Amino acid sequence: MTDDISVGSGVTLTVEPGVIVKFRGNECDHNTGLFVNGTLLARGTETDRIYFTSLLDDSAGGDVNGDGGATTPAAGDWTRIEFSGSGADNSVIEYTVIRYAGHWKGGGSCWTHYYYGAIHALGASPAISRTMFIENQNGVWAELLANPTIHYCKIQGNVDYGVRNDDSNVLIDATYNWWGDSQGPTTETYTTPDSDKASNYVDYDPWLPQSPFAPTVLGTSANEVTNDLDNTVIVTGTKFLPTPAVKLGSMPMGGVTWITATRISFVIPVGFPTGTYALTIVNPDGESTTAPNAMTVRGTESYIYLPVVLRNHQ
């Protein structure tokens, strides 16, 4: 987007699963955003997410600005998705990825800088769930009695705050989120290594001990094979995206097929080294899981047959 998008009061904007919205930014007076006084319905699915990201983000939708990868995205490339007033209270965001937002610069010689949340709520209370807030200046920022609900989100790598609430009269419900560390978020009084920060007036406990987007392995069609032929193995689990990478130990597997969000298959080739291996699944979004000692590969047994002579002793 090269200009701001506005959703007026009483108007509903619906964003379909799989849509990628890229905002122009990192230019003086030209950082763009989405401003909602009505209703925004951005409902992706587990396997077909919506993206709100920077024009410089080639990993989503390709090299739209056509510079051959000469530019890279960063926090604050574009401004924000702003919800204003109670008219935006029915807005819903789920299964969405929001990254590289939260900054505006402009004015003479581009010296004026303002910082925002990737989602900035001004007296509005949108419902946000199963969304990734990645590498923004701030993830969610609430002011003026705004009371968004934030659940089952991945809030990680944001520069200042994961969730910030400036209103002491409201306690924002941001429970059941992943903050980047199993020990929960950093707070105003306690620092947790590798985690994003939650401000005062944010209820973050309980939190999730791992990313809600991480795949899981529940089982395999075989846990032991021989290496005298190609072996197709079916993996059952959850949250598999099309199409993940599969490794046994450190060795990538070929023939990976995404069947559903709960089933994939891969091929262990003939001649694969014997041993017991961990099975690692890596989704295209970088989320991964490892099942230790999940697969044993054995060689085939060799037998030498010797003739046996039976003699009848009288």
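Throughout, read-outs are computed from the coordinates displayed, never taken from laboratory work. Just so you know, these numbers come straight off a predicted model, no measurement behind them. Cβ atoms come from the backbone with ideal geometry, glycine included; neighbour counts cover every protein chain shown.
Before moving on, here are some points about what is shown:
- Cβ crowding within 10 Å averaged over residues, with 146-157, 259-270 ranked highest first: 146-157, 259-270
- Remark on Ala142: its backbone amide H falls under 5 Å from those of Ala121, Arg164, Asn165, Asp166, a criterion applied only to residues 5 or more positions apart or on other chains, H modelled at 1.01 Å from N.
- When only alpha carbons of the stretch 221-284 are considered, Rg and Dmax amount to 11.3, 32 Å.
- Max mean-square fluctuation residue, GNM over the chain, Cα-Cα springs under 10 Å, options Ile234, Ile134, Ile20: Ile234
- Backbone HN-Hα couplings from phi across the stretch 165-176 [Karplus 6.51/-1.76/1.60, Hz, Gly and Pro as x]: 10, 9, 10, 6, 8, 10, 9, 6, 7, 10, 7, 6
- Magnitude of the charge dipole, the chain, Cβ model with Lys/Arg +1 and Asp/Glu -1, debye to 20: 1020 debye
- Computed label-point distance, nm, for sites Asp67 and Thr112 using a 7 Å Cα→Cβ extension: 2.4 nm
- For Leu218, neighbours were defined as the other residues whose beta-carbon sits under 12 Å from its Cβ, and their charges (Lys and Arg +1, Asp and Glu -1) total +2.
- Mean separation of Cα contacts under 8 Å, 6 or more apart, over the residue count of the stretch 189-311: relative contact order %: 25 percent
- Relative contact order, whole percent, for the chain stands at 10, derived from Cα pairs under 8 Å and 6 or more residues apart.
- Top of Val233, Val159, Val97 by mean-square fluctuation, Gaussian network on the chain, Cα under 10 Å: Val233
- Protection proxy ranking for 183-194, 78-89, using the average of other Cβ atoms within 10 Å per residue and placing the highest first: 78-89, 183-194.
- Cut-off 14 Å between beta-carbons: net charge of the residues surrounding Glu287, Lys and Arg +1, Asp and Glu -1: +2
- The spread of Cα positions in the chain, taken along each principal axis and listed from longest to shortest, comes to 114, 44, 36 Å.
- Residues listed by number, the stretch 7-22, amide nitrogen under 20 Å from Asn90 label point at 7 Å toward C-beta: 7-17
- Thr175-Leu144 FRET efficiency (beta carbon distance; Förster radius 35 Å; 0.05 resolution): 0.95
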